[in-house]
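Just so it is clear, none of the values below were taken in a lab; they were calculated from the coordinates. Treat the numbers as computed from the prediction; the structure is a model and nothing was measured. No Cβ is skipped: glycine too gets one built from the backbone with ideal geometry, and neighbour counts run over all protein chains shown.
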Amino acid sequence: MKTNQAYQELSAIERSLTKNNGDTQLLVYEPATGEKGHEKARAAISAGNVDTADHVATYVPGMGTSVKDSMEGNVNAVTNLKNAAMAEGQSKKVAVVAWIGYDAPPDPKNNHDYSVLDLNKAKSGGESLARFEEGIRGS
């Protein structure tokens, strides 16, 4: 993995953790290994405390997303979702997670890469998400 890429990924995580008035948690960080299927960092950041929340939702962005380029915007989105859920619901204990725990395929419109259609990648990402959700339920 390139040092500059790792720095940019960690910087995006650091910026994301300052959102939501500091009420964020870094739940997952896996640096890229450079191996096929793990060329990019993986991370999950929550708005709200998943350990004390009565309700937890997980947002999984799709193609074209990465920790480096998308985490900050995704944490903004889950913060807005958490705030809306708290405003509408009876419970004030809500957490919403931005989960980028897989190498999302690129947007085929940008570079004619159609790996988004690869069912093996989808299955692998789904299995990783299921393991993450099991951990959340166990906390």
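Viscosity 0.890 mPa s, temperature 25 °C: Stokes-Einstein D of region 3-138 from its Kirkwood Cα radius, in µm² per second?
Values: Rh = 15.4 Å.
Value of D from the Cα-based Kirkwood radius: 159 µm²/s.
What fraction of the DSSP beta bridges in region 3-138 is antiparallel, stated in percent and rounded to the nearest 5? Don't skip to the end; give the middle numbers.
Numbers: 11 of 16 bridges.
That works out to approximately 70 percent antiparallel.
Enter the angle in degrees (range 0 to 90, nearest 10) between the Cα long axis of helix 67-88 and the first principal axis of the Cα atoms of the chain, meaning the one along which they spread out most.
20
For residue 11 and residue 131, what is the calculated FRET efficiency with R₀ set at 35 Å and r taken between the beta-carbons, to the nearest 0.05?
On the way: r = 27 Å, r/R0 = 0.77.
After rounding to 0.05, the efficiency reads 0.85.
May I ask you to derive the FRET efficiency for residue 4 and residue 91 from their Cβ-Cβ distance with R0 = 35 Å, giving the value to the nearest 0.05? Could you put the intermediate results ahead of the total?
On the way: r = 43 Å, r/R0 = 1.22.
Rounded to the nearest 0.05, the efficiency is 0.25.
Mind checking the full-extension length gain between residue 35 and residue 109? Use 0.36 nm per residue of separation minus the Cα-Cα distance, one decimal, nm. Before the final figure, lay out the partial values.
Details: separation 74, 0.36 × 74 = 26.64 nm, distance 2.49 nm.
Between residue 35 and residue 109, full extension yields an extra 24.2 nm.
Label points 7 Å out from Cα along the Cβ direction at residue 21 and residue 63: separation in nm?
3.9
Just how far, in whole angstrom, is region 4-51 from region 66-126 if you go by their alpha carbon centroids?
Computed from Cα coordinates, the inter-centre distance equals 12 Å.
For region 3-138, what is the charge dipole size about the Cα centre, in debye to the nearest 20, if Lys and Arg each add +1 at the Cβ and Asp and Glu each add -1 at the Cβ?
On the way: 14 positive and 18 negative charges, 37 e Å.
Its charge dipole is roughly 180 debye.
Under a point spin-label approximation (7 Å from Cα along Cα-to-Cβ), what is the residue 51-residue 116 distance to one decimal in nm?
That separation, rounded to one decimal, is 3.8 nm.
Angle, helix 119-138 long axis vs. longest principal axis of the chain, Cα atoms, 0 to 90°, nearest 10?
The angle comes out at about 30 degrees.
Can you give the relative contact order of region 59-139 as a percent, counting alpha carbon pairs under 8 Å and 6+ residues apart? Provide the component values of the computation, followed by the final result.
Details: 66 pairs, mean separation 26.0, N = 81.
Taking the mean separation of contacting Cα pairs over the length of region 59-139, I get 32 percent.
Among the lysines in the chain, how many pairs, 8 or more places apart or on different chains, have alpha carbons under 24 Å apart?
Lysine pairs, 8 or more places apart or on different chains, close enough: 25.
Relative contact order (percent) for the chain, with alpha-carbon contacts under 8 angstrom and 6 or more residues of separation? Display every interim value, and only then the final one.
Values: 231 pairs, mean separation 34.6, N = 139.
Once normalised by length, the contact order is 25 percent.
Measure nothing but the geometry: give the 0 to 90° angle between the long axis through the Cα atoms of 3-17 and the longest principal axis through the Cα atoms of the chain, rounded to 10°.
20
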